[in-house]
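Following: one structure in structure tokens, then a few remarks.
Throughout, read-outs are computed from the coordinates displayed, never taken from laboratory work. What you are looking at is a predicted structure, and each value in this text was computed from that prediction instead of being measured. Ideal geometry is used to build each Cβ from the backbone, glycine not excepted, and the neighbour counts take in all protein chains shown.
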Amino acid sequence: MQMPARCSRKTGEPPLINGWIPYLGKALLFRKDAFKFLLDQQKKLGDIFTVHIAGRYITFIMDPFQYVYVIRNSKQLEFHEFADKMASKTFDYPALSNVKFPDLKENLHRIYQYLQGKPLEIISDHMMKNLQDIFEWKCSQATDWETEKMYKFCCSVMFEASFVTLYGRVPAADGRKVISEIRDKFIKFDASFPYLAANIPIELLGTTKKVRKELIHHFLLQNMTKWLGGSKVVQARQDIFEKYELLGDYDKAAHHFAFLWASVGNTIPATFWAMYYLLRHPEALAAVRDEIDHLLQSTGQKRGPTYNIHLTREQLDNLVYLESALNESLRMCSSSMNIRISQEDFVLKLEGDQEVSLRKGDWIALYPQILHMDPEVYEDPKEYKFDRYIENGKKKTTFYKAGRKLKYFLMPFGSGISMCPGRFLAMNEMKMFLFLLLAHFDVELGENKAVRLDNSRMGLGILLPDTDIAFRYKLRSLRN
Ligand code: HEM
């Protein structure tokens with residue numbers, strides 16, 4: 001729903017920033033560098049303001065102490081309607097209308113239980129096994145120094161391992177090739193993702209429409225039934241779709257494709273950044289490798305391509321240096337905007353008797369990247385400090401701003417009702433990837449160039465690197 005232009009403010013409404021171009025408002029400036037744009041507005045107008053962006057009125061809440069009032073108000077501030085609309089258009093399935101598909105949304109949400117608790121342990125074990133298979137193959141190739149591009153490497157390993165874990169192994173003789181073809185199409189589609197999210201018609205995006213159709217076709221039931229050993233979560237989604245007669249075969253396949261995107265679209269770049277920052281910081285690399293070697297030794301496990309490494313949930317959880325290094329890279333590369341939509345005209349009560357008047361259809365946005373880069377919360381926020389999330393050898397979970405303890409200090413996975421259901425699996429997957437990489441290989445950068453964040457998907461999740469970078473790896477001697 002697009003809002004008519006607003007000529008006047010009502011009492012209690014925050015300051016409004018209107019662009020001089022009708023309809024577009026401040027869209028161009030926001031798209032160019034949302035982070036800088038928001039900081040500039042905050043300096044001028046304070047912690048709450050409304051921006052007219054491409055026909056929408058978005059009220060930004062910049063003060064992290066106010067986040068909780070937005071996050072816990074899931075009754076008047078809705079999320080799913082917006083997300084479903086965007087996802088159905090991007091991934092080409094029919095909107096999740098409750099009239100046409102009663103309870104489909106709720107049913108799909110219920111099965112996120114397969115990404116938590118005991119089922120999480122099972123799926124994480126499968127992921128570890130699949131990662132090891134790929135690393136074993138990499139090991140056989142890397143008896144001497146082997147050079148590869150880092151993003152390409154992370155993408156190929158994480159895509160294949162995630163695909164096999166979630167959807168199963170493609171049993172044909174050329175099974176790996178089939179997965180790498182899907183991956184290559186996925187990369188092409190993903191490059192257009194920010195444009196699709198910005199509502200640019202897919203017809204204007206070159207071959208994207210064709211690539212998306214081909215990708216979706218891979219997930220037709222007749223193909224998926226051939227894949228072996230997939231996950232419970234995907235099987236449960238399949239079972240649910242079968243109950244809806246009005247969902248066509250293509251629609252179901254499109255849903256599976258959307259889930260694939262959710263499961264790797266952020267994980268791949270996040271894995272890249274975690275690896276990149278570790279290799280850029282030898283002291284971080286040494287500390288994390290020490291922790292890994294120590295865990296292997298203390299559990300009597302050998303490293304080397306032919307040994308199976310098993311990590312329990314507790315062991316993964318207790319890798320505090322690895323986790324801190326991972327969190328630190330997530331802090332630096334994540335940029336997801338948390339959006340809610342006002343369901344009615346109402347006054348949102350905030351801390352300290354503050355209130356904001358909102359109109360039905362207004363968007364409310366939290367932009368945690370500002371918090372992640374706030375020098376009052378994180379000293380030298382542009383610097384990578386691998387042990388930022390460690391205190392006295394344990395996980396550090398208390399962060400302060402202006403002397404007050406923050407409830408929210410790291411939000412790469414969103415918040416409240418829109419929080420990522422795959423967050424525990426994602427953390428495990430990235431830890432396991434780094435664990436195996438450092439257990440098996442000596443690794444170093446192969447080029448001396450700075451890789452920066454590509455800002456074109458600001459607000460949409462993990463930012464991609466602006467360029468790829470070479471790195472070298474070689475099988476570690478079993479003695480050191
Ligand atoms: C580093 C990795 C990941 C990051 C940073 C991430 C981040 C996010 C964020 C921020 C959202 C909310 C989007 C919004 O507010 O519009 C989200 C949603 C979602 N994520 Fe993740 N995610 C990651 C990995 C995963 C994995 C591994 C899975 C599944 C295996 C997954 C499944 C999903 C799904 C299904 C949703 C949509 C939830 C819904 O229906 O409301 N994610 N993710």
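Quick look at the values:
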read-out	value
Segments 304-310, 231-237 sorted - mean Cβ within 10 Å per residue, highest first	231-237, 304-310
Sequence of Ile268, Ile370 once ranked by neighbouring C-beta atoms within 10 Å, starting from the fewest	Ile370, Ile268
Summed side-chain charge close to Tyr244 - residues other than Tyr244 whose Cβ falls under 10 Å, Lys, Arg +1, Asp, Glu -1	-1
13 Å beta-carbon shell around Phe163, net charge (K/R +1, D/E -1)	0
Helix-derived mean residue ellipticity, 222 nm - over the chain, DSSP H n ≥ 4, -39500 (n - 2.57), to 500	-14500 deg cm²/dmol
Cα-based reach from Lys149 at 17 Å (exclusive), listing lysines while leaving out same-chain residues under 8 positions away	Lys138, Lys449, Lys474
Net charge of neighbours whose Cβ lies under 13 Å from the Cβ of Lys407, counting Lys and Arg as +1 and Asp and Glu as -1	+2
Residues of type aspartates and glutamates that Lys89 reaches as a straight line, Cα spacing below 18 Å, ignoring anything fewer than 8 places off in the same chain	Glu81, Asp190, Glu203, Glu214, Asp249, Asp251
Listed residue pairs exceeding 29 Å between alpha carbons, taken from Lys43/Lys431; Lys75/Lys385; Lys43/Lys382	Lys43/Lys431; Lys75/Lys385
The chain shape via C-alpha gyration tensor axes, a/c threshold 1.5	oblate
Protection proxy ranking, peptides 167-179, 435-447, 86-98, 388-400, average beta carbon neighbours within 10 Å, highest first	435-447, 86-98, 167-179, 388-400
Hz values of 3J(HN,Hα) by residue in segment 369-374 - Karplus curve (6.51, -1.76, 1.60), Gly and Pro given as x	4, 5, 5, 4, 10, 7
Residue among Trp273, His80, Ser336 farthest towards the positive dipole end of segment 63-475, charges placed on Cβ	His80
Ranked by how many other beta carbons lie within 10 Å on average, peptides 200-211, 42-53, 58-69, 319-330 from highest	319-330, 58-69, 42-53, 200-211
